[in-house]
1. Condition test on S345, is it among the hydroxyl-bearing types (S, T, Y) and under 17 Å from the mean Cα position of the chain (by Cα)?
2. Please go through (1) exposed (fewer than 15 other Cβ atoms within 10 Å of the Cβ); (2) within 16 Å of the ligand (Cβ to nearest atom) for F267 and return the number of the only condition it doesn't satisfy.
3. Output the number of the condition that D160 fails; it satisfies all remaining conditions of (1) assigned by TED's automatic domain parsing to the domain that holds G295; (2) over 25 Å from G83 (Cα atoms).
4. Working only within the stretch 129-146, note down all residues that are touching a strand residue (DSSP E or B) at 6+ places or on another chain (Cβ under 7 Å) and either more than 16 Å from M192 (Cβ to Cβ) or away from the ligand (no atom under 12 Å from the Cβ) (or both).
5. Considering each of T65, T85, T51 in turn, give the residue that is touching a Lys or Arg at 6+ places or on another chain (Cβ under 9 Å) and at pLDDT below 75.
6. Going through G186, G197 one at a time, which residue ends up being under 30 Å from A233 (Cβ atoms) and in contact with a Gly (Cβ under 7 Å, 6 or more places away or on another chain)?
7. Take the residues in the stretch 157-172 that are of a type in the set (A, V, I, L, M) and not in a loop (DSSP other than H, G, I, E, B), then tell me which one is farthest from the ligand (Cβ to nearest atom).
8. Go through (1) in contact (Cβ under 8 Å) with a residue 60 or more places away in the chain; (2) surrounded by fewer than 21 Cβ atoms within 10 Å (Cβ to Cβ); (3) of a type outside the set (G, A, S) for R126 and report which single condition fails.
Amino acid sequence: MSAQADSAQQPQSQPGLPPTAHRRRLRYSGKNPRRFEDKYKERDPERYSKTVAKVLASGKTPAGTHRPIMVKEILEILDPKPGETAVDCTLGYGGHALEILSRLQPGGKLLGMDADPIEFPKTEARLRAMGYGSDTFVCRRGNFAGLPQALVAAGWDGADMILADLGLSSMQIDDPSRGFSVKREGPLDMRMNPGRGQSASALIEKIEAKTLAALLADNADEPYAAELAAALAGRSLQTTTALAVAVCAALPRLTREDRDLSIRRVFQALRIAVNDEFSALDAFLRNLPACLKSGGRVAILTFHSGEDRRVKKAFQAAARESLFAAIAEEVLRPSPEERHDNPRSASAKLRWARKA
Ligand SMILES: C[S@@+](CC[C@H](N)C(=O)[O-])C[C@H]1O[C@@H](n2cnc3c(N)ncnc32)[C@H](O)[C@@H]1O
């Protein structure tokens, strides 16, 4: 069955203005568009609020947006107050940043960082349009490994609170042209900053099997690392689908469910490698105590065990050296309600620390 987008909701010519160029109405099979590019209603939340509300109610994330995770818990930890300074190291769609920014007023400032040159300007523009000028919202695109330099550039001698919400935003996952998701065919890229480093496709083509096996084991605990590495290393795999097909072909004895798990782990391991995520996180964790003012708070959301292990160990080491006065005893998890409403929150783990 083929459906057409509701022409009444398509951009129309305005009376008194020259007619807009004729555009074919969108065509797609089924009731709703499936392709990211066609989801024009979800990607324009101000105009199509009803559609966006419906998508949210179904437990999905509207295309081109991101739902912030564990907001209540993070606000309790960071406890933003008027006049304070905050750094959001992973600005993404700005969901957490907006909640913090409003509580810092009057007189407070938030420094927003993100490595992604595609989404960062869109988020900056959205927050500026909401009235946050450069007196309250300072933007710096870059890797959070460079947090100390970002603070110096902003003229700050530390922050009262720091947030890092690791991993990918929904905008990055859902955009097929970024190559992050197996669910959407696209170029096998996976770079948060496509202007730097090499794509996942280039990495696979150049890497030796032994190195790839270690990478799959270290970055994603892949149990079939050696078999997969032998089958993948040196291959020219240009798309996300080509990689998924190659993983399946390398593991013919497994059930479909187990092969899907391996595909997910291979994607995760490659993404971590392409973006050098563990080096960035280690540098960030090393710099953290010095970047906080005395009494400063930090909250870090992680999404897999490799990240959480690093955060836990770094916090424990800093506490032993009395650089942190208190750290999370236990990891915090999203409530069952949040996991139900936003399945993308399911694997989130939150840790916090407070500087002496
Ligand atoms: C889960 S999203 C953040 C979502 C955000 N908290 C919100 O409410 O919209 C993670 C973001 O971190 C960014 N990121 C990941 N690693 C980074 C790094 N090392 N330095 C800077 N940004 C990074 C990604 O580009 C992505 O935009």
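The values are calculated or read from the model by the stated rules, or taken from the named source; none is laboratory data. Everything numeric in this text was worked out from a predicted model, so none of it was measured. Positions of Cβ are generated from backbone atoms using ideal geometry, with glycine treated the same way; all protein chains shown enter the neighbour counts.
1. Yes.
2. Just one mismatch for F267, condition (1).
3. Every condition holds for D160 apart from (2).
4. Residues satisfying the conditions are T136, F137, V138, C139.
5. When all the criteria are applied, what remains is T51.
6. One residue alone meets the criteria, G186.
7. A159
8. Checking R126 against (1) in contact (Cβ under 8 Å) with a residue 60 or more places away in the chain; (2) surrounded by fewer than 21 Cβ atoms within 10 Å (Cβ to Cβ); (3) of a type outside the set (G, A, S), the one that fails is (1).
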